[in-house]
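Asks: Below you will find the structure I want to go over with you.
The values are calculated or read from the model by the stated rules, or taken from the named source; none is laboratory data. A quick note: this is a predicted structure, and the numbers were derived from the prediction, not measured. Heads up, the Cβs are rebuilt from the backbone with ideal geometry, glycines too, and the neighbour counts pull from every protein chain shown. What goes into the accessible areas is simple: the full protein's heavy atoms, side chains included, and nothing from ligands, DNA or RNA. Shrake-Rupley method; radii C 1.70, N 1.55, O 1.52, S 1.80 Å.
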Amino acid sequence: MAIRQPVVSVLGHVDHGKTRLLDTIRGTSVISREAGAITQHIGATEVPIDHIYKVCGSIIGSRRFSVPGLLFIDTPGHHSFITLRARGGSLADLAVLVIDIREGLKPQTIESIRILKQYKTPFIVALNKVDTIQGWISVNGRPFVLAEKAQQEHTIEAFNERMYHIISLLASEGIPADRYDRIDDFTRTVALVPVSAKEGEGMADLLLMLVGLAQRFLESQLSSEEGPGKGTILEVKEEKGLGQTLDMILYSGVLKRGDTVALGTRGAPLVTKVKAILKPKPLDEIRDPRDRFDSVKELNAAAGVKISCQNMEGVIAGAPLVVVSGQNDPAVAEMKEESSLKIETQDDGVLIKADAIGSLEALAYEAKAASIPIRKYGIGEISRRDIVDVAACGAPLNKVILGFNSELSKDAAAELETQDIKVFSNQVVYRLIEEYKQWLDDTKKRQDADKRSEFSFPAKFKILPNCIFRAAKPAIVGVRVLAGRIRPNQRLIMPDGRSLGKIRSIRSGEEVIKEASQGQEVAVAIDDITIGRQADVDDAIYVDILESAAKEMSKLDMTEDERMTLAEVIAIKRKEEPFWGM
């Protein structure tokens with residue numbers, strides 16, 4: 001029985017070496033052309049079995065496999081893995097989880113593990129950057145089992161210490177793991193393959209593990225299908241001499257030139273015909289090929305290809321492709337349901353835009369994880385209508401657009417100059433979220449500062465011993481601020497509710513200052529008070545607060561000491577008025 005090549009998805013935390021690992025396997029430099037050296041879109045590379053025999057020659061011997069090769073999927077993150085599975089069934093037959101041996105499990109590593117467990121996807125761990133172990137001697141392309149023998153004892157000890165630490169961390173996530181050459185039962189233990197993507201060490205071990213596991217455990221699910229082709233669209237783009245084309249993964253069945261296909265769009269599926277099927281050379285990256293594509297009449301899964309169709313108007317990245325008999329084929333109705341975006345929205349929140357379904361879902365996922373409410377979403381460039389729509393929002397903090405790989409149109413840029421809204425645009429989704437969160441924190445702090453300046457804020461201070469510079473008219477005393485901030489013109493009260501005068505001025509040394517905050521010791525001039533009568537040394541004195549202000553303050557970001565001081569003032573006030581501040 002003929003079997004297809006397994007689809008292998010590469011996952012892991014940002015900067016742990018996913019794309020560099022694939023660059024080393026195929027001899028490319030895709031990573032150097034990615035924004036921030038971080039993968040932005042899903043790519044695909046076919047690694048034929050003959051290349052694997054060549055790379056693994058020193059450890060494979062004369063052994064041969066029926067698996068025709070491996071189709072690697074390089075993703076922008078675990079979100080793309082979810083997207084591809086949701087739109088293509090079990091798209092990934094196997095996965096490689098890349099972990100930096102120096103950094104161990106990071107947030108995206110843990111999230112990837114959770115997803116792999118959830119979808120029951122078998123995986124191995126590429127324990128990357130072994131060349132960073134102190135004293136490690138690297139030889140390009142050498143298998144790990146041979147590299148280990150060439151290291152000094154202290155280097156192996158350092159390597160083992162880090163490896164066993166990661167094994168322990170994986171165990172805490174419910175993943176039993178061990179070095180691949182020490183495992184008896186691969187159905188119970190996840191294999192760790194030490195590699196150096198930079199130096200090429202361990203690539204042979206990794207490829208041999210993937211091919212061996214695929215043939216041994218996945219042969220039944222890799223049987224070649226002769227039915228209608230099914231795939232996922234990775235990207236829609238213009239190609240010189242071809243016009244608009246689709247990069248796609250054919251993960252099931254057969255696709256032929258001239259086939260009628262249904263393509264996912266923002267609305268109803270588009271039914272059209274395939275004009276051309278262009279297949280990249282083996283070891284070439286579909287996103288960024290080095291050589292010309294081969295034109296083929298027929299294609300069997302699994303494969304990453306570029307296709308041209310008679311009509312591709314409205315087709316979007318991340319959508320499905322299915323070979324159909326015509327417009328009334330039941331698969332067309334099924335596709336419409338499958339292509340519908342399911343992003344949670346709220347009445348109040350930001351607007352998000354992205355260039356593809358997968359990108360939009362990744363952005364929505366990150367936004368939800370960061371507790372960022374989404375009011376509206378869309379695919380494509382940021383339009384003038386988007387600017388006008390967001391400008392109509394009531395809350396200033398919701399007048400925001402987050403654009404992931406989504407640029408401003410000319411009309412939108414012109415409209416933006418007339419509106420008080422904020423647009424964030426970035427090619428890296430996590431940086432986009434970070435930029436927005438930083439802006440949000442800064443804006444809230446400014447708003448709180450503005451509100452604090454509108455009315456007296458919770459504060460208390462005490463008069464310091466030996467610091468009575470004048471007893472009255474005005475009293476001038478040294479004080480320590482115990483909580484909050486004091487300013488000129490604030491009225492004061494005692495713990496028993498008695499009203500005092502108000503602060504005339506504040507000095508620090510010879511300098512007149514506008515405010516003094518918790519912990520500062522300053523000289524304060526106070527009107528309408530005589531020290532020794534209304535107040536004395538070590539007395540706690542509070543800033544008086546309006547009842548309306550007390551209600552507003554509970555909404556502001558206060559320190560624990562400020563909240564305690566506010567509670568104390570409310571308690572003082574309620575001695576006279578039981579319902580004060582309610």
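Asks: Where does helix 330-339 land angle-wise versus the long Cα axis of the chain, in degrees 0 to 90, nearest 10?
Replies: 30 degrees
Asks: In sequence order, what are the phi-derived ³J(HN,Hα) couplings for the range 227-241 according to the Karplus relation 6.51 cos²θ - 1.76 cosθ + 1.60 with θ = phi - 60°, rounded to whole Hz, with x for glycine and proline?
Replies: Here the 3J(HN,Hα) series is x, x, x, 9, x, 10, 7, 8, 7, 10, 7, 7, 10, 4, x Hz.
Asks: Quick one: the Cα spread of the range 120-170 along its three principal axes, in angstroms, biggest first?
Replies: Result for the range 120-170: principal-axis Cα extents of 38, 24, 16 Å.
Asks: Tell me, which longest segment in the chain has none of the chymotrypsin sites (Phe, Trp or Tyr not before Pro) that fall in DSSP loops with at most 16 further Cβ atoms within 10 Å?
Replies: On the way: sites that count: 119, 186, 455, 579, 580.
That gives 187-454 as the longest site-free run.
Asks: What FRET efficiency would be calculated for the residue pair residue 268, residue 470, taking the C-beta separation as r and a Förster radius of 56 Å, to the nearest 0.05?
Replies: Numbers: r = 83 Å, r/R0 = 1.49.
The value I calculate is 0.10.
Asks: Take the alpha carbon atoms of the range 215-324, find their radius of gyration, then divide it by 2.2 N^0.38 Å using N residues; give the quotient. Display every interim value, and only then the final one.
Replies: Working: Rg = 13.7 Å, N = 110, 2.2 N^0.38 = 13.1 Å.
Here the Cα radius of gyration is 1.05 times the empirical estimate.
Asks: What is the dipole size for the range 320-455, taken about its Cα centre, with +1 at each Lys and Arg Cβ and -1 at each Asp and Glu Cβ, in debye to the nearest 20?
Replies: Dipole magnitude for the range 320-455 comes out near 360 debye.
Asks: Can you tally the net charge around residue 538? Count Lys and Arg as +1, Asp and Glu as -1, for every other residue whose Cβ sits under 11 Å from the Cβ of residue 538. Walk me through the numbers on the way to the answer.
Replies: Values: positive: 462, 480; negative: 536, 539.
Spelling it out: positives minus negatives among the neighbours equals 0.
Asks: Further question: Could you give the length gained by full extension between residue 218 and residue 137, i.e. 0.36 nm per residue of separation minus their alpha carbon distance, to one decimal place? Show your work: numbers first, answer last.
Replies: On the way: separation 81, 0.36 × 81 = 29.16 nm, distance 3.60 nm.
Full extension from residue 218 to residue 137 adds 25.6 nm.
Asks: By how many nm would the segment from residue 571 to residue 498 lengthen if fully extended, with 0.36 nm per residue of separation less the alpha-carbon distance? Intermediate results must be reported in sequence, preceding the final value.
Replies: Values: separation 73, 0.36 × 73 = 26.28 nm, distance 1.34 nm.
Extra length available between residue 571 and residue 498 comes to 24.9 nm.
Asks: Right, something else. So what are the radius of gyration and Dmax for the Cα set of the range 530-574, in Å?
Replies: Computed over the Cα atoms of the range 530-574, radius of gyration and Dmax are 12.7, 38 Å.
Asks: Check the straight Cα-Cα distances from residue 129 and name the lysines below 28 Å, setting aside those fewer than 8 residues away within the same chain.
Replies: 18, 54, 106, 117, 120, 149, 198
Asks: To the nearest 20 Debye, how big is the dipole of the range 381-438 about its Cα centre, given +1 on the beta carbon of each Lys and Arg and -1 on that of each Asp and Glu?
Replies: Working: 7 positive and 10 negative charges, 29 e Å.
Once rounded to the nearest 20, the dipole reads 140 debye.
Asks: Could you state the number of Å between the C-alpha centres of the range 497-567 and the range 369-443?
Replies: 41 Å
Asks: How much net charge surrounds residue 274 when only other residues with a Cβ under 10 Å from its Cβ are counted (Lys, Arg +1; Asp, Glu -1)?
Replies: Details: positive: 256, 257, 273, 275; negative: 259.
Taking every other residue near residue 274 into account, the sum is +3.
Asks: Mind listing the phi-derived Karplus ³J(HN,Hα) values for the range 419-430, rounded to whole Hz, using 6.51, -1.76 and 1.60 with θ = phi - 60°, and x for any glycine or proline?
Replies: With coefficients 6.51, -1.76 and 1.60, one gets 10, 9, 10, 10, 10, 10, 9, 8, 8, 10, 5, 5 Hz.
Asks: Another question, then. What angle do you read, to the nearest 10 degrees and between 0 and 90, between the alpha-carbon axis of helix 203-217 and the longest principal axis of the chain?
Replies: That helix lies at roughly 70 degrees to the long axis.
Asks: Cut-off under 14 Å on the C-alpha distance; same-chain residues fewer than 8 positions from residue 437 excluded. Which aspartates and glutamates are left, in chain and number order?
Replies: Residue 437 reaches 366.
Asks: Could you list the square roots of 5 times each eigenvalue of the Cα gyration tensor of the range 325-424, that is, the equivalent ellipsoid semi-axes, sorted largest first and rounded to whole Å?
Replies: Values for the range 325-424, descending: 28, 16, 11 Å.
Asks: Along the range 437-443, what does the Karplus equation 6.51 cos²θ - 1.76 cosθ + 1.60 (θ = phi - 60°) give for ³J(HN,Hα), rounded to whole Hz, x for Gly and Pro?
Replies: So the J values, rounded to whole Hz, are 5, 5, 4, 4, 4, 5, 5.
Asks: Whole angstrom only: what separates the Cα centroid of the range 190-217 from the Cα centroid of the range 145-185?
Replies: 14 Å
Asks: While we're looking at this one, here's another question. Quick one: which residues, 5 or more positions from residue 505 or on another chain, have an amide H under 5 Å from its amide H? H modelled 1.01 Å from N in the peptide plane, none for Pro or chain starts.
Replies: It is 525, by chain and number.
Asks: Follow-up. Along the positive direction of the dipole of the range 171-281 (beta-carbon charges: Lys, Arg +1; Asp, Glu -1; about the Cα centre), which of 272, 203, 253 reaches farthest?
Replies: Checked the options; the winner is 272.
Asks: Along its principal axes, what span do the Cα atoms of the range 118-248 show, with the longest given first and each in whole Å?
Replies: The Cα atoms of the range 118-248 stretch 58, 38, 26 Å along the principal axes, largest first.
Asks: Another question about this same structure. Set the Förster distance to 41 Å, then compute FRET efficiency between residue 557 and residue 410 from the Cβ-Cβ distance, nearest 0.05.
Replies: Numbers: r = 39 Å, r/R0 = 0.96.
Working from the Cβ atoms, E equals 0.55.
Asks: Please give the helix 153-172 orientation as an angle from the longest Cα principal axis of the chain, in degrees from 0 to 90, rounded to the nearest 10.
Replies: Between helix and principal axis, roughly 80 degrees.
Asks: Let me ask another. Enumerate the amide H contacts of residue 100 below 5 Å, restricted to partners 5 or more residues apart or on another chain; note that Pro and chain-start residues carry no placed amide H.
Replies: 128
Asks: Separate question: Which loop-located GluC sites (Glu not before Pro) does the range 510-582 contain, where loop means any DSSP state but H, G, I, E or B and the Cβ has at most 14 other Cβ atoms within 10 Å?
Replies: On the way: sites: 510, 511, 515, 521, 547, 552, 560, 562, 568, 576; in loops: 510, 515, 576.
Counting only loop positions with at most 14 other Cβ atoms within 10 Å, the GluC sites (Glu not before Pro) in the range 510-582 are 510, 576.
Asks: So, counting K/R as plus one and D/E as minus one, what does the shell of residues with Cβ under 13 Å around residue 412 add up to? Write out the running numbers ahead of the final one.
Replies: Working: positive: 353, 384, 385, 410; negative: 381, 386, 389, 407, 411, 415, 417.
Summing Lys/Arg as +1 and Asp/Glu as -1 gives -3.
Asks: Pick out, from 69, 112, 571, the residue whose Cα sits farthest towards the positive end of the charge dipole of the chain, with +1 on the Cβ of Lys and Arg and -1 on the Cβ of Asp and Glu.
Replies: 571
Asks: Can you list residues whose amide H is under 5 Å from residue 66's amide H, if they're 5+ apart or on another chain and H is modeled 1.01 Å from N?
Replies: Here nothing satisfies the definition.
Asks: Note down the Stokes-Einstein diffusion coefficient of the range 332-380 in µm²/s, whole number, using a Kirkwood radius over alpha carbon pairs, 37 °C, and 0.692 mPa s.
Replies: Working: Rh = 11.3 Å.
It diffuses with D of about 290 µm²/s by this estimate.
Asks: Please give, to one decimal in nm, the separation of the simple spin-label points placed at residue 511 and residue 313, each 7 Å out from Cα toward the Cβ.
Replies: Here the answer is 6.8 nm between the modelled labels.
Asks: Run the accessible area of the chain with a 1.4 Å probe and give the carbon-and-sulfur part as a rounded percent. Each step should come with its number before you reach the end.
Replies: Numbers: 12420 of 26590 Å².
Here carbon and sulfur together make up 47 percent of the probe-accessible area.
Asks: Also: Would you work out the charge dipole size for the chain about its Cα centre, treating the Cβ of every Lys and Arg as +1 and the Cβ of every Asp and Glu as -1, and quote it to the nearest 20 debye? Mind showing how you got there, number by number?
Replies: Working: 77 positive and 83 negative charges, 55 e Å.
Approximately 260 debye in magnitude.
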